[in-house]
Amino acid sequence: YGRSTLRDVAARNAEAITSLKSNTMNSWTNDRKLEIEGIARSENLINSLKDLNAPLATKEARETIISSLEDRLSEVAQHEHPSLRSITILDTKNRSILAHLPASTNIDVIDIGKTIELGSTKTTISNRYDEEDQRRELYITVPIIINGTMQAMIFAELETLAFSMIVADRTGLGINGVNYMIDENGALVPPSNKTQIIPSQEFIDEVIKQ
């Protein structure tokens, strides 16, 4: 093979690997989306919210329902815990937090009003980079619809270790090959391997153009 031919083969291999990783990540995210939507449609959860919003519910009754809401949330979300870093139920009417699991984790809802507004009609997926923890955070919000009206919202933070493992996998990249992930704004997601060389912004801009 000539040098140009080898370069073409390497480029095709890189494109195939990139496409495979992208499809794997999309599939993983879609599976998590379906799981959270299933939790939002849980009959136990919906019944608790109906009781909570009943016109004749007393203050004492509401407090009892809210205290049991986390138990209901734990029941329906239990089998999904490996993929969930945390899960929160938002009161969309009062713009407050009804329940949050696990209690040991932070509640990452930075702006409740904006979160509710953006996710009021459909499932939304968002992300941000946590500078303090140096990791990509991925969120899914799903409205809980009762009798055609949004009564509450599920806000779930996903465990993104699977993402990091997909990006870090160097299978098929050769001795010097590396993977990088760029978010929707064109910003580099810092690699988990701290020794990995960080490409210049000029290089990233050129990749995006292509």
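What the table below lists for this structure:
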item: Given (1) part of a helix (DSSP H, G or I); (2) under 16 Å from the mean Cα position of the chain (by Cα); (3) closer than 15 Å to Ile144 by Cα; (4) not β-branched (Val, Ile, Thr), index of the condition Arg32 fails; result: (3)
item: Residue, most open to solvent (accessible area, probe 1.4 Å), within region 105-117, restricted to residues that are modelled with pLDDT under 80 and under 16 Å from Ile154 (Cβ atoms); result: Ile107
item: Residue list for region 118-150, filter: within 14 Å of the chain's Cα centre (by Cα) and at pLDDT 85 or above; result: Thr123, Thr124, Ile125, Tyr139, Ile140, Thr141, Val142
item: Hits in region 48-65 - residues which are open to solvent by 60 Å² or more (accessible area, probe 1.4 Å) and free of Cβ contacts under 8 Å to residues at least 40 places away in the same chain; result: Asp51, Pro55, Leu56, Thr58, Lys59, Glu60, Arg62, Glu63, Thr64
item: Filter result for Ile175 (exposed (fewer than 14 other Cβ atoms within 10 Å of the Cβ), of a type in the set (A, V, I, L, M, F, W, C), assigned to a loop (DSSP other than H, G, I, E, B) and modelled with pLDDT of 65 or more); result: yes
item: Test: residue in region 25-40 that is among the charged types (D, E, K, R), over 19 Å from Pro143 (Cβ atoms) and surrounded by fewer than 17 Cβ atoms within 10 Å (Cβ to Cβ); result: yes
item: Condition met for Pro102 (open to solvent by 40 Å² or more (accessible area, probe 1.4 Å), modelled with pLDDT under 80 and more than 24 Å from Glu159 (Cα to Cα)); result: no
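The values are calculated or read from the model by the stated rules, or taken from the named source; none is laboratory data. What you see is a predicted model, and the numbers here were worked out from it, not measured in a lab. With ideal geometry, Cβ positions are generated from the backbone for all residues, glycine too; neighbour counts draw on all protein chains shown. When the accessible area is computed, the model is the full protein with side chains, heavy atoms only, and any ligands, DNA or RNA have been set aside. Shrake-Rupley method; radii C 1.70, N 1.55, O 1.52, S 1.80 Å.
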